[in-house]
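The values are calculated or read from the model by the stated rules, or taken from the named source; none is laboratory data. None of these values were measured; they are calculated from a predicted model. No Cβ is skipped: glycine too gets one built from the backbone with ideal geometry, and neighbour counts run over all protein chains shown.
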Amino acid sequence: MVVITLTAALCSYYVWHWWRADSMGNRDGKAAFPWMPIGVVLLVGAVADTPERRVRTMERDTSVAMSRLLGQPVTYECGNLWSLFFDRHGHMARGYVMWTEQGPDTVAQLRRDSCQGLAEFFKHRQKGLPDNPRPMVEALHVVSHEARHLAGEHREDKAECQAVQRNFEVAEALGASREVARSIALFYWQEQYPHQSQTYFSPECKAGGALDEKINTAPWRL
């Protein structure tokens, strides 16, 4: 956005420089410098760039924290409004990791609504769950779920259960207090996981089930 704004301002300057004319149409006239339009371009660019910088910061912080947690370099990227309509990979999930014959990519793509929920998480991570915690909880879980794909798990039901058992530690890794991390893990387990489709849900994702990894961060042990 900064590059686009500066380019637009520079183009405005050159248009004025090469096409300035006096009232008789002479090109070498002394037309006033277009301070106002260039100022408007720069102001709009600065205002628009503020939320973009916040998203880039959130992407960076999430990528750094998850790389540390997974013990391997990974990147989380946020989609924008256009990605809802022009998805070159044809996936409409809230997040996804591309796979090749060599295995998973190192980049997790997050849909725009997931990133909006993640922004809510960063806002409330030390304060407690908001009145409507669902978008924030689901976004945090998407980060956790995609981390399982980045780690090499391809099956959705296994990745989902692994993520369920790690939502607490993922929330903490991203800066949540223990109380908030616990609330997120329990909310997803109690309110959202039971309503997942067959692709993601497994009856073995429970205490003592075949997918129970016996880790202390599982919601049934919190």
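Restricting segment 172-222 to residues that are among the acidic types (Asp, Glu) and part of a loop (DSSP other than H, G, I, E, B), which is surrounded by the fewest Cβ atoms within 10 Å (Cβ to Cβ)? Step through it out loud before you land on a result.
Let us first name the residues in segment 172-222 that are among the acidic types (Asp, Glu), namely 172, 179, 191, 204, 212-213.
The next check asks that each one be part of a loop (DSSP other than H, G, I, E, B); those that pass are 204, 212-213.
Numbers: Glu204: 13, Asp212: 16, Glu213: 10.
Among residues in segment 172-222 that are among the acidic types (Asp, Glu) and part of a loop (DSSP other than H, G, I, E, B), the one surrounded by the fewest Cβ atoms within 10 Å (Cβ to Cβ) is Glu213.
Test Glu156 against the criterion of being charged (D, E, K, R), in contact with a Ser or Thr (Cβ under 7 Å, 6 or more places away or on another chain) and within 19 Å of Pro194 (Cβ to Cβ), and give yes or no. Show your work before the answer.
Details: charged (D, E, K, R): yes; in contact with a Ser or Thr (Cβ under 7 Å, 6 or more places away or on another chain): yes; within 19 Å of Pro194 (Cβ to Cβ): yes.
When the stated conditions are applied, Glu156 passes them.
Would you please list the contacts, defined by Cβ atoms under 8 Å and residues six or more apart or on different chains, that run from a residue in segment 52-75 that is in a helix (DSSP H, G or I) and surrounded by fewer than 17 Cβ atoms within 10 Å (Cβ to Cβ) to a residue that is modelled with pLDDT under 95 and not charged (D, E, K, R)?
Glu52/Met1
Can you tell which of Lys158, Lys123 is in a helix (DSSP H, G or I) and under 16 Å from the mean Cα position of the chain (by Cα)?
Answer to the selection: Lys123.
Is it true that Glu169 is part of a helix (DSSP H, G or I), closer than 20 Å to Gly128 by Cα and touching a residue at least 60 places away in the same chain (Cβ under 8 Å)? Outline the logic, then answer.
Numbers: part of a helix (DSSP H, G or I): yes; closer than 20 Å to Gly128 by Cα: yes; touching a residue at least 60 places away in the same chain (Cβ under 8 Å): yes.
Here the answer is yes, as Glu169 does meet what is asked.
For every residue, the table says whether it meets (1) in contact with a Phe, Trp or Tyr (Cβ under 7 Å, 6 or more places away or on another chain); (2) touching a residue at least 60 places away in the same chain (Cβ under 8 Å); (3) under 17 Å from Glu77 (Cα atoms).
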{"position": "Glu101", "(1), (2), (3)": "no, no, no"}
{"position": "His124", "(1), (2), (3)": "no, no, no"}
{"position": "Asp131", "(1), (2), (3)": "no, no, no"}
{"position": "Pro135", "(1), (2), (3)": "no, no, no"}
{"position": "Leu140", "(1), (2), (3)": "yes, no, yes"}
{"position": "Ser144", "(1), (2), (3)": "no, no, yes"}
{"position": "His149", "(1), (2), (3)": "no, no, yes"}
